[in-house]
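The values are calculated or read from the model by the stated rules, or taken from the named source; none is laboratory data. None of the values given here were measured: they were computed from a predicted structure. Note that each Cβ is placed from the backbone with ideal geometry, even for glycine, and that neighbours are counted across all protein chains shown. SASA here: full protein model, heavy atoms, side chains in, ligands and nucleic acids out. Shrake-Rupley method; radii C 1.70, N 1.55, O 1.52, S 1.80 Å.
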Amino acid sequence: MWAKVRRFFKGNPAQLKVARVLYKYGFRVSENGDILCGDIRIPAVQIAEEAGVDRRAVDATSETILNNEEPREIFSNLRPVPFLKGIARPLGLGLIEIIPTDATQAGIISEVTNVMSNHGLSVRQSIADDPYFTAQPKLTIITTELIPGEVVEELRELPSVKSVVVY
């Protein structure tokens with residue numbers, strides 16, 4: 001998917017930086033070119049600051065997106081997701097990050113959640129980084145209770161798992 005996005009911004013690194021910010025935060029482009037987080041308008045100057053570009057690059061990116069069907073389909077449908085990682089501990093939830101041996105391999109989430117399910121752990125949230133977007137992608141899993149040591153050891157033995165970090 002990200003290769004398709006890069007193709008539309010080929011030769012324009014500033015617009016690609018803006019597109020990365022939009023994708024990273026789940027910001028969408030509305031029909032009139034506004035950048036939205038849900039239904040809240042984000043000023044172009046804020047996007048530009050985060051992307052390290054001029055505000056005009058944000059406007060140009062919105063225009064490029066709206067004038068091309070494939071990126072319009074992607075960027076008009078993005079949505080932000082509340083990520084529980086930062087509040088898992090205060091809520092008494094379990095938090096574990098899985099660093100895969102190869103994040104493009106199929107079945108990693110299934111293998112990990114099968115181990116957890118076999119130990120009676122219920123997954124409350126699972127978020128996997130996009131391996132084509134993130135340098136070192138990981139799978140973050142938040143469970144309804146703390147994760148026992150035997151589960152961690154079993155996860156470490158999976159061939160698809162490079163390392164496990166428990167918080």
Hey, any idea what % of the chain's accessible area is carbon plus sulfur with a 1.4 Å probe? 49 percent
Placed amide H near residue 95: partners under 5 Å, 5+ positions off or other chain: 143, 147, 167
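Could you work out the Kirkwood radius for the range 85-166, taking every pair of different alpha carbons, averaging 1/r and inverting it, reported in Å?
12.7 Å
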Peptides ranked, highest mean first, by Cβ atoms within 10 Å: ranges 157-165, 96-104: 96-104, 157-165
How do 21-30, 109-118 rank on mean C-beta neighbours within 10 Å, highest first? 21-30, 109-118
Amide H to amide H, which residues 5 or more places from residue 161 or on other chains are under 5 Å from it, using H placed in the peptide plane? 101
Once the Cα atoms of helix 55-66 and of the chain are each reduced to a long axis, what angle between those two axes, in degrees from 0 to 90 to the nearest 10, is obtained? 80 degrees
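By the gyration tensor of its Cα atoms, with a ≥ b ≥ c the square roots of the eigenvalues, what is the shape of the range 126-167: rounded for a/c under 1.5, prolate for a/b over b/c, or oblate?
Since a/c reaches 1.5 but b/c is at least a/b, the shape of the range 126-167 is classed as oblate.
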Do the alpha carbons of any pairs in 24/85; 85/138; 4/85 sit beyond 18 Å of each other, and which pairs? 4/85
Looking at (1) 18.7, 53; (2) 15.2, 42; (3) 14.4, 46, which value of Rg and Dmax of the Cα atoms in Å comes from a calculation on the structure shown? (1)
Accessible solvent surface per residue of the range 1-77, calculated while the other protein chains remain in place, 1.4 angstrom probe, Å²: 59 Å²
